[in-house]
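Report on the following structure.
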Amino acid sequence: MSSEQGATEPKVFRPDRDKPDPTRPRRGLRDEDLASRETVYRSDLLAGKTLLITGGGSGMGKAAAFLAARLGANVAICGRNQEKLDQTREAILAATGVEIFTQSATIRDPEAVEALIGAVHDRFGGIDTIVNNAGGQYPQDAIDFTRKGWLAVIDTNLNGTWWVMQEAAKRWRDDGKPGNIVNIVANVERGMPQAAHTCAARAGVIYLSKTLATEWAPFDIRVNCIGPGVIETEGFVMYPEEALKRFHKANPMKMRGNAWDVAEAIAYLASPAARFINGDLLVIDGGQAQWGVIWPGGMPDYFDESGAA
């Protein structure tokens with residue numbers, strides 16, 4: 001758009017990651033919390049089962065990896081940052097004595113996904129549950145998305161999830177073994193202002209999952225989704241402090257969830273107790289779907305009225 005057409009500069013909501021603010025509080029559960037936090041499950045619930053968790057080096061994926069290891073599972077995690085994966089592996093080993101498998105991979109690349117699935121099969125002899133947790137987004141008004149930014153989020157959150165699902169399903173089909181997929185999505189029912197790219201991608205995954213839950217049932221493959229609401233993790237660094245002050249107001253409980261809330265839901269869907277759950281969406285949001293909406297970049301003045309979440 002030319003200057004004569006009245007172009008405006010896009011609003012920037014993300015803090016400068018190259019110049020982190022040392023005064024910002026650290027958020028998310030620490031390794032010692034993940035190692036000792038109470039769980040409702042018995043210690044051998046997932047014994048003999050193998051879980052592959054994408055995006056397992058931080059946040060909800062890391063919590064899920066800790067819990068799965070504590071419950072006796074074979075655990076494999078992947079992510080783009082090998083240093084984070086190594087730190088998670090060492091922390092789990094120190095806490096549980098369990099040696100998990102790690103491999104650096106980007107789920108956007110179907111060949112990398114194929115290599116990852118193959119490596120986990122080689123290590124553990126198969127996979128019982130895939131947890132598609134990897135993803136990424138950033139707060140911005142949709143009108144200001146660049147083409148590159150839009151494609152990056154769609155490619156990771158929708159296409160990347162699909163590559164993992166398809167590759168795992170082909171293995172299960174060809175081996176004649178049952179399979180289980182848990183996709184971490186989002187609470188998209190009322191839209192996601194300032195995150196339209198991930199809303200579109202996550203909604204696509206939800207309805208893709210519902211479709212595959214039927215199509216892949218003859219192969220004994222179940223597919224379900226978990227839709228977290230406001231879950232406080234280290235990923236909160238992506239959002240400005242002014243926006244974070246309102247996050248807890250978006251649900252009637254007026255609180256934030258944490259990664260353990262999601263990890264225990266993943267463990268449930270990976271357990272025998274969930275054998276008859278298929279094509280469903282488990283929402284963990286404190287009632288946000290009935291109450292409020294998140295503005296990850298900060299609520300615009302237009303909507304900022306007394307009583308509004």
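The values are calculated or read from the model by the stated rules, or taken from the named source; none is laboratory data. Small disclaimer: the values here were computed from a predicted structure and weren't measured. Here the Cβ positions follow ideal geometry from the backbone for every residue, glycine too, while neighbour counts run over all protein chains shown. Side chains are part of the model used for accessible areas, which takes the heavy atoms of the whole protein and leaves out ligands, DNA and RNA. Shrake-Rupley method; radii C 1.70, N 1.55, O 1.52, S 1.80 Å.
Excluding ligands, DNA and RNA, what is the solvent-accessible area per residue of region 100-210 at a probe of 1.4 Å, expressed in Å²?
Computed with neighbouring chains in place, this is 42 Å² per residue.
Excluding same-chain residues fewer than 8 positions from Lys11, which lysines have a Cα within less than 29 Å of its Cα?
The reachable lysines, counting only those whose Cα sits under 29 Å from Lys11, are Lys19, Lys148, Lys245, Lys249, Lys254.
Report, in debye and to the nearest 20, how large the dipole of the chain comes out about its Cα centre when Lys and Arg carry +1 and Asp and Glu carry -1 on their Cβ.
400 debye
Relative to the Cα centre, what is the charge dipole magnitude of region 37-185, using +1 at the beta carbon of each Lys and Arg, -1 at the beta carbon of each Asp and Glu, and rounding to the nearest 20 debye?
Numbers: 16 positive and 17 negative charges, 47 e Å.
My answer is approximately 220 debye.
In Å², what does the accessible area per residue of region 246-309 work out to with a 1.4 Å probe?
Numbers: 3450 Å² over 64 residues.
With the other protein chains kept in place, region 246-309 gives 54 Å² per residue.
Given the peptides 192-198, 101-107, 68-74, 50-56, arrange them by the average over their residues of other C-beta atoms within 10 Å, most packed first.
Details: 192-198: 21.7, 101-107: 19.9, 68-74: 24.1, 50-56: 27.6.
The peptides rank, most packed first, as 50-56, 68-74, 192-198, 101-107.
If I model a spin label at Ser43 and Glu99 as a point 7 Å from the Cα along the Cα→Cβ vector, what separation in nanometres do I get?
2.1 nm
Angle, helix 82-96 long axis vs. longest principal axis of the chain, Cα atoms, 0 to 90°, nearest 10?
60 degrees
Report the relative contact order of region 148-205, percent, no decimals, based on alpha-carbon pairs under 8 angstrom and at least 6 residues apart. Can you show the working numbers first?
Working: 34 pairs, mean separation 29.4, N = 58.
Result for region 148-205 is 51 percent.
Output the 0 to 90 degree angle, nearest 10, between the alpha-carbon long axis of helix 259-270 and the longest principal axis computed from the alpha carbons of the chain.
Helix 259-270 and the main axis of the chain meet at about 40 degrees.
Could you list which residues have their amide H under 5 Å from that of Gly55, counting only those 5 or more apart in sequence or on another chain, with H placed in the peptide plane?
Cys78, Gly79, Ala134
In region 218-279, what chymotrypsin sites (Phe, Trp or Tyr not before Pro) fall in a loop by DSSP, with at most 15 other Cβ atoms inside 10 Å? Let's see the in-between values first.
On the way: sites: Phe219, Phe236, Phe247, Trp260, Tyr268, Phe276; in loops: Phe276.
The qualifying sites are Phe276.
Please report the carbon-and-sulfur percent of the accessible area for the chain; probe 1.4 Å, protein heavy atoms only, DNA, RNA and ligands left out. Intermediate results must be reported in sequence, preceding the final value.
Working: 7660 of 15370 Å².
Carbon with sulfur: 50 percent of the solvent-accessible area.
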